[in-house]
Amino acid sequence: CRYGGTCQDQENGYECKCPVGTSGRNCDNNFDECMTNPCRNGATCVDGINTFNCDCKAGFIGTYCENDVDDCTPNP
């Protein structure tokens, strides 16, 4: 079983108990969380197992790169 799936012995083989975000006989199908285009402002979505990360373009921050960095704010 892939992606952390748990193998359970069965009378005629085995069964994989798949973690959230995966499916299939061997848990080898990873749901693509990036399919919904969660990242904003031209960011690149990087899919993971039951998670994703947004690689923000310069000038943006936040989980979804939704916050514009104010370049005019003085640094103390």
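The values are calculated or read from the model by the stated rules, or taken from the named source; none is laboratory data. Only a predicted model underlies this, so the values are computations on that prediction, with no experimental measurement involved. Cβ atoms come from the backbone with ideal geometry, glycine included; neighbour counts cover every protein chain shown.
One table, with the values for the structure above:
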| item | result |
| --- | --- |
| Any chance Cys65 is assigned to a loop (DSSP other than H, G, I, E, B), without any contact (Cβ under 8 Å) to a residue 40 or more places away in the chain and at positive phi | yes |
| Region 1-41, residues that are without any contact (Cβ under 8 Å) to a residue 24 or more places away in the chain, in a loop (DSSP other than H, G, I, E, B) and exposed (fewer than 11 other Cβ atoms within 10 Å of the Cβ) | Glu11, Asn12, Asn37 |
| Residue count, region 14-23 (criterion: modelled with pLDDT of 95 or more and not hydrophobic (A, V, I, L, M, F, W, C)) | 3 |
